[in-house]
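Participant: The structure follows.
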Amino acid sequence: MPGRELITAGIADGSIDTVVLAFPDMHGRPVGKRVTPHFFAEHVADHGIEVCDYLLAVDVDMNPLPGYHFANWDLGYGDMVAMPDFATARLIPWLPGSAMVICDLTDVGGLPIEVSPRQILRQQIARAADRGLTVQSATELEFFLFRQTYEEAQQQYWKDLTPHCSTIEDYQLLQTSREEYILSRIRHEMVVADVPVEFSKGEAGRGQHEVNVTYADSLTTADRHLVFKNGIKEIASQEGRAATFMAKWTMDDVGSSCHVHNSLWDLKTAESLMADASHSSGLSTVGRRFLAGQLHAARQLAWMAAPTLNSYRRYVPGSWAPTAVVWGEDNRTCGFRVVGHGAGRRIESRVPGADVNPYLVVAACIAAGLYGIDHELELGEPYPRNAYEATDVTRIPSTLVESIDELGRSEVAAEAFGPEVHHHLLNTAQQEWEAANRHVSDWELARNFERI
């Protein structure tokens, strides 16, 4: 049933008693309001609902941050309007009676909020369309599952947590069968929520899982990611468990990634434009330039794939997280892996961690690829060996500070996003670093309290 009709029919027959209006904040979290059916039908469906613009200018603890042009104390933190995009309407089966609609943000005059993550991605999709292109994307999220609840984890100060499985369960069916009471719910309830799960599998860590979702156009993929990630946390919580999407929850285990797949398609004919079997790379001219742009911008836009201090803990050689800005044919040691054949030919960026904002990371992939196309960048040869051991290749930034410096000087960001969006992204990154510097870690205390 089409989106608006789904909501209208559910309100009419009483099966929907709550409409969740959501939009992504700068950290990739859904924020918004829960609306009663009559108020939604009479006031919100056609006119949207007001929300405070500080929601695009806060940290994960909801502290208003300085330095933004868009929203600040001097401007008074006024209203934005969250306008329902009924193409995203879906039931939320793990919250009986609830439906969700993802919103676009406008000012009170109806103009798009350019610094909102969904609009940042829309801008890159429009730039691709101007070139006769559409982008198909997929995100592969990994997460760790724990036997504690979120409340218990907090009471333990997130120490001495017990992963749901005590052994590495990569592809293992016996171990993962013990987690089916959660994973089965995730697979089946996500499908009802219009998130087409293909499969789940154990991953390379203790208690770690990956659940794959079918590819789609870039905006649909980011929207599904938003629902999917939040839904996993809600389902785990209902079952008395905690799930984390931290890039690296402990240095004693692997990190959690969010590999991002992208491919180019003809806007008019809907045909894939990636493959060329006659070329040694197996990629077409436009496909090669699209990949060359992502390699060129990998350092400049690294923050959009690794937005937190913790993100950089993940980049450990030999840990399945890449450290080299190179591409390879089905080579998991490289930052960029080319896979698939024919219409399935695509580029997998292995750089992002599970803590990414899906709208920003997919926007970065598109922006970088379009830069490569516009500037006709040449693609080098694939890296044929273990890229962790390479001595003559560019490396992904190893710290948040390094990524901030790259983003600030980025000609790709300036060209693709424009000055206001570029500034908003940069300030978000800088404020994350400022927040990190206001804390003394347990490691520092243990190392230095007595002995220094």
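The values are calculated or read from the model by the stated rules, or taken from the named source; none is laboratory data. Predicted model, so just to flag it, every value in this text is computed and none were measured. Here the Cβ positions follow ideal geometry from the backbone for every residue, glycine too, while neighbour counts run over all protein chains shown. What goes into the accessible areas is simple: the full protein's heavy atoms, side chains included, and nothing from ligands, DNA or RNA. Shrake-Rupley method; radii C 1.70, N 1.55, O 1.52, S 1.80 Å.
Participant: Which one of these does A204 not meet: (1) part of a loop (DSSP other than H, G, I, E, B); (2) more than 25 Å from the chain's Cα centre (by Cα)?
Facilitator: (2)
Participant: May I pose another question? Restricting to region 139-176, name every residue that is of a type in the set (A, V, I, L, M, F, W, C) and part of a loop (DSSP other than H, G, I, E, B).
Facilitator: W158, L161, C165
Participant: Which ones in region 28-38 are open to solvent by less than 40 Å² (accessible area, probe 1.4 Å) and part of a loop (DSSP other than H, G, I, E, B)?
Facilitator: Result: G28, single match.
A quick yes/no check of all residues on (1) exposed (fewer than 13 other Cβ atoms within 10 Å of the Cβ); (2) under 26 Å from the mean Cα position of the chain (by Cα); (3) free of Cβ contacts under 8 Å to residues at least 12 places away in the same chain; (4) within 29 Å of L309 (Cα to Cα):
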residue: Y359; (1), (2), (3), (4): no, yes, no, yes
residue: A364; (1), (2), (3), (4): no, yes, no, yes
residue: A367; (1), (2), (3), (4): no, yes, no, yes
residue: L370; (1), (2), (3), (4): no, yes, no, yes
residue: I373; (1), (2), (3), (4): no, yes, no, no
residue: E378; (1), (2), (3), (4): yes, no, no, no
residue: P384; (1), (2), (3), (4): yes, no, no, no
residue: T391; (1), (2), (3), (4): yes, no, yes, yes
residue: P397; (1), (2), (3), (4): no, yes, no, yes
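Participant: Name every residue in region 430-444 that is in contact (Cβ under 8 Å) with a residue 12 or more places away in the chain, open to solvent by 50 Å² or more (accessible area, probe 1.4 Å) and either in contact with a strand residue (DSSP E or B) (Cβ under 9 Å, 6 or more places away or on another chain) or hydrophobic (A, V, I, L, M, F, W, C) (or both), in order of residue number.
Facilitator: Within region 430-444, W433 is the sole residue that qualifies.
Participant: Please find, among R178, R206, R241, the residue that is touching a residue at least 12 places away in the same chain (Cβ under 8 Å) and more than 29 Å from L309 (Cα to Cα).
Facilitator: On inspection, the qualifying residue turns out to be R178.
Participant: Also, I was wondering about something else. Against the conditions (1) under 28 Å from R346 (Cα atoms); (2) touching a His at 6+ places or on another chain (Cβ under 7 Å), where does F228 fall short? Just the number, please.
Facilitator: (2)
Participant: Then there is this: How many residues, within region 56-86, are among the hydrophobic types (A, V, I, L, M, F, W, C), open to solvent by 30 Å² or more (accessible area, probe 1.4 Å) and not in a loop (DSSP other than H, G, I, E, B)?
Facilitator: Looking only at that region, the number is 2.
Participant: May I ask you to verify whether S410 is at pLDDT 95 or above, within 15 Å of A302 (Cβ to Cβ), more than 17 Å from the chain's Cα centre (by Cα) and among the small types (G, A, S)?
Facilitator: Answer is yes for this residue.
Participant: Additional query: I'd like the full set of residues that are in a strand (DSSP E or B) and surrounded by fewer than 19 Cβ atoms within 10 Å (Cβ to Cβ), limited to region 1-19.
Facilitator: T18
Participant: If the requirement is being more than 25 Å from A429 (Cα to Cα) and not aliphatic (A, V, I, L, M), which of these qualifies: T333, T308?
Facilitator: The unique qualifying residue is T333.
Participant: When you check Y215 against the structure, is it open to solvent by 30 Å² or more (accessible area, probe 1.4 Å) and either touching an Asp or Glu at 6+ places or on another chain (Cβ under 7 Å) or within 22 Å of T250 (Cα to Cα) (or both), yes or no?
Facilitator: No: the conditions fail for Y215.
Participant: In addition: Return the residue satisfying two criteria in turn: it lies in region 252-280 and is assigned to a loop (DSSP other than H, G, I, E, B) and under 11 Å from R345 (Cα atoms), and of such residues it is most open to solvent (accessible area, probe 1.4 Å).
Facilitator: A277
Participant: Something else: Does V101 satisfy the criteria of being touching a helix residue (DSSP H, G or I) at 6+ places or on another chain (Cβ under 7 Å) and either at pLDDT 95 or above or open to solvent by less than 30 Å² (accessible area, probe 1.4 Å) (or both)?
Facilitator: Answer is yes for this residue.
Participant: Might you check whether a residue that is in a helix (DSSP H, G or I) and touching a residue at least 12 places away in the same chain (Cβ under 8 Å) occurs anywhere in region 90-113?
Facilitator: No; the residues of region 90-113 include none that is in a helix (DSSP H, G or I) and touching a residue at least 12 places away in the same chain (Cβ under 8 Å).
Participant: Please verify whether region 177-187 includes one or more residues that are of a type in the set (S, T, N, Q) and either within 16 Å of the chain's Cα centre (by Cα) or assigned to a strand (DSSP E or B) (or both).
Facilitator: no
Participant: Still on this model: Considering only residues of region 297-321 that are in a loop (DSSP other than H, G, I, E, B) and under 17 Å from the mean Cα position of the chain (by Cα), which is nearest to A414 (Cα to Cα)?
Facilitator: If we take residues in region 297-321 being in a loop (DSSP other than H, G, I, E, B) and under 17 Å from the mean Cα position of the chain (by Cα), then L301 is nearest to A414 (Cα to Cα).
Participant: Sticking with this structure for a sec: Before we move on, is E432 of a type in the set (D, E), more than 26 Å from T134 (Cα to Cα) and under 18 Å from the mean Cα position of the chain (by Cα)?
Facilitator: Here the answer is yes, as E432 does meet what is asked.
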